[in-house]
Amino acid sequence: MNNQQFLDVIYTHTEGEPTCIVHGGIPYPFGGDILDKRHYLQQHHDHVRTSLMREPRGHQHMFGVFLTPPSDANHDAGMLWIDGEQFVDMCGHGTIALSMAMVAHRLAPPPREDGLTRIRFETTAGTVVSEVKADADKVHWTRFENVPAFVMEQDIPVEVPGLGTLKADLVFGGNFFAIIRVPSDKQPICPQNGSYFSHAGQAVKAELNARMEIRHPTHPHINGLNFVTFWHEGSQPDSLYRNVHVFSDGKLDRSPGGTGTSAMMAMFHARNELEVGRPIHSEGLLGSGRFTGEILGETEIGGYRAIRPSVQGTAELIGYAKWLIDARDPVGRGFVIR
């Protein structure tokens, strides 16, 4: 028989944003923390990332996660986030989807007396704790407490194509974000303007990475700007805002964004525009659904005033795959057309 690699995958979407959950087919070595597992995947299985995220199995905007065994007794599982270009430190829309999928497929711990299933995840950005609401017939939603979010710098002037000089706040919400308010009468956030925001986000990211050295104060492996968020007022009266997150090579998050909602709440809190305990609703590029965010409390990270963000949303299961990865098929290991 042929010596081939098979991968078990669950597919979901969270308000339109896909998650490819790789839950079988990777022989993780015993021991080591989540950074060691990421290094192992980068050294020995990066072809899995490119094979699933890029064509012919994936597409430019595909996003995914390796569900890993926990590294210690304090965690139930590990999450290593990926796209077609790189590993990403944290993802909120995917945490919502993965948590619900784990409960639906009996991959999570049993529910507590209050009916919620609690899952402690290990990520390269820190520990993330999710709670999942389910009954006998349906898994309803995930609410997760993200890693602490904080503002690193405010009001950074930056050139935005077609809009001139605007101001960006540099914020950490599990990933680094440059957050920029745009005029909704000139560039409304909607699917029809996706190409514009993809181009503008890449331009902003390149400018700020060239001008600034960006590094997390306590996790030095987290460095550089990968996400640019454009936002304006929401389309629904009780939404705090509508936004689109641009990342990697111009990919567009379709959902409101989980790490993005965390970063947005930190930005508003730093400007005294959002208090602890006040729920907010965030809208994404599609406008198909909203996330609910809340600041659980304040904390401190490496000398920066930070918040403890909570984000709630729902996801849908859309399919399964058992992929064959054939070493004799170099095209099948993924390609990109610009």
Rounded to a whole number, what is D in µm²/s for region 104-190 from Stokes-Einstein with the Kirkwood radius over alpha-carbon pairs (37 °C, 0.692 mPa s)? 200 µm²/s
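Taking every eigenvalue of the Cα gyration tensor of region 235-318, multiplying by 5 and rooting it, what semi-axes result, largest first, whole Å? Display every interim value, and only then the final one.
Values: eigenvalues 102, 47, 29 Å².
The three semi-axes for region 235-318 are 23, 15, 12 Å.
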Carbon and sulfur atoms account, in whole percent of the 1.4 Å probe accessible area of region 269-338, for 51 percent
Proximal lysine pairs in the chain, meaning Cα under 30 Å and 8 or more positions apart or interchain, come to 13
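With charges set only on the Cβ (+1 for Lys and Arg, -1 for Asp and Glu), what does the dipole of the chain come to about its Cα centre, in debye to the nearest 20?
500 debye
If you take the square roots of the eigenvalues of the alpha-carbon gyration tensor of region 180-326 and sort them as a ≥ b ≥ c, do you get rounded (a/c under 1.5), prolate (a/b over b/c) or oblate? Kindly include the intermediate steps, with their values, before the conclusion.
Values: a/c = 1.22, a/b = 1.10, b/c = 1.11.
Note, shape of region 180-326 comes out rounded.
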Within region 172-240, DSSP-loop trypsin sites (Lys or Arg not before Pro) with at most 15 other C-beta atoms within 10 Å are Lys186
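If you average the sequence gap of Cα pairs under 8 Å that are 6 or more apart and divide by the length of the chain, what percent do you get for the contact order?
Values: 827 pairs, mean separation 72.2, N = 338.
Relative contact order comes out at 21 percent.
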Express in whole angstrom the spacing between the alpha-carbon centres of region 257-305 and region 126-166. 7 Å
Accessible area of region 154-244 with a 1.4 Å probe: how many percent of it is carbon plus sulfur? 49 percent
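Using only Cα atoms, what is the ratio of the radius of gyration of the chain to 2.2 N^0.38 Å?
My calculation over the Cα atoms of the chain gives 0.96.
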At the level of C-alpha centres, the distance separating region 183-235 and region 310-336, in angstrom, is 26 Å
Determine Rg/Rh for region 217-261; Rg is computed over alpha-carbon atoms and Rh is the Kirkwood hydrodynamic estimate from the same atoms. 1.07
For region 104-203, dividing by residue count, accessible area per residue (probe 1.4 Å) in Å² works out to 45 Å²
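The values are calculated or read from the model by the stated rules, or taken from the named source; none is laboratory data. Remember, it's a predicted structure, so these values are computed and weren't measured experimentally. FYI the Cβ positions are ideal-geometry reconstructions off the backbone, even for glycines, and counts take in every protein chain you see. Accessible surface areas use protein heavy atoms only, side chains included; no ligands, DNA or RNA. Shrake-Rupley method; radii C 1.70, N 1.55, O 1.52, S 1.80 Å.
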